[in-house]
Amino acid sequence: MTQTYYGFLTDIGLAEFANAEVSGLPLPFTHIAIGDGNGSPVTPNQAMTALVHEVHRLPITSITDDPENPGLLKFECVLLPTVGGWTIRELGLIGGNGGGNKLLAVSNFPATPKPVLAEGAGADMIIRMNLIVSNTAIVQLIMDPSVVVATNQAIANAVAAHEAKANPHPQFILQSKRGAVDGVASLDGSGLVPL
């Protein structure tokens, strides 16, 4: 079965990637560009230097490895309810060395309306672009900390990791240490240890 939706490095992205591998310097990725394809489906090609019709650009909020698919990276950003009024049909990864405003990768996208609240509907929308690369170690996320958005899944993962710790709050006294030998004793109202 042929894939309908796919993405890959552009010629610029391939050159930047090759330079990063040779130099040992990381390849920075900063933004996801979103386009509407001028109202038509998009067939991406490696020679692209810009999206067919870019309508918005957002900082990348995370880049994660896919543990089941070595070399597959997932780039994510979050579209807020106040942004939209168009249909998403194309994506691009922006970054690179020497200024970093280069289209490094492109992807088509299923036609997805993104209304704004004034149209009567709105929600946060997570945009994810997958990209297979030969060396994930040289990919670097450059982000503006003032625009970082945590997804519900990221929060749930952080809470689960916290709760899985044997002693998640070491600054507090464990109940088992109260009154134990070499443990901790409660003080009375005068600040003395009761017998």
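Listing for the model above:
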quantity	calculated
Selection count, region 15-48, where residues are assigned to a helix (DSSP H, G or I), of a type in the set (Val, Ile, Thr) and touching a residue at least 60 places away in the same chain (Cβ under 8 Å)	0
Close pairs (7 angstrom Cβ cut-off, 6 or more residues apart or separate chains): closer than 16 Å to GLU16 by Cβ and at pLDDT below 80 in region 128-143, in a helix (DSSP H, G or I) and not polar (S, T, N, Q) anywhere	ASN135/GLU21; ILE138/ALA20; ILE138/GLU21
Selection count, region 18-41, where residues are among the β-branched types (Val, Ile, Thr), open to solvent by less than 60 Å² (accessible area, probe 1.4 Å) and at pLDDT below 95	1
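Rundown of residues vs (1) touching a residue at least 60 places away in the same chain (Cβ under 8 Å); (2) open to solvent by 60 Å² or more (accessible area, probe 1.4 Å); (3) within 21 Å of MET125 (Cα to Cα), yes/no style:
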residue	(1), (2), (3)
LEU51	no, no, yes
ARG57	no, yes, yes
VAL78	yes, no, yes
LEU91	yes, no, yes
ASN101	no, yes, no
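The values are calculated or read from the model by the stated rules, or taken from the named source; none is laboratory data. As the structure is a computational prediction, the values presented were derived from the model and not from experiment. Note: ideal-geometry Cβ built from the backbone for every residue, glycine included; neighbour counts use all protein chains shown. All accessible areas refer to the heavy atoms of the entire protein, side chains included, with ligands and DNA or RNA removed. Shrake-Rupley method; radii C 1.70, N 1.55, O 1.52, S 1.80 Å.
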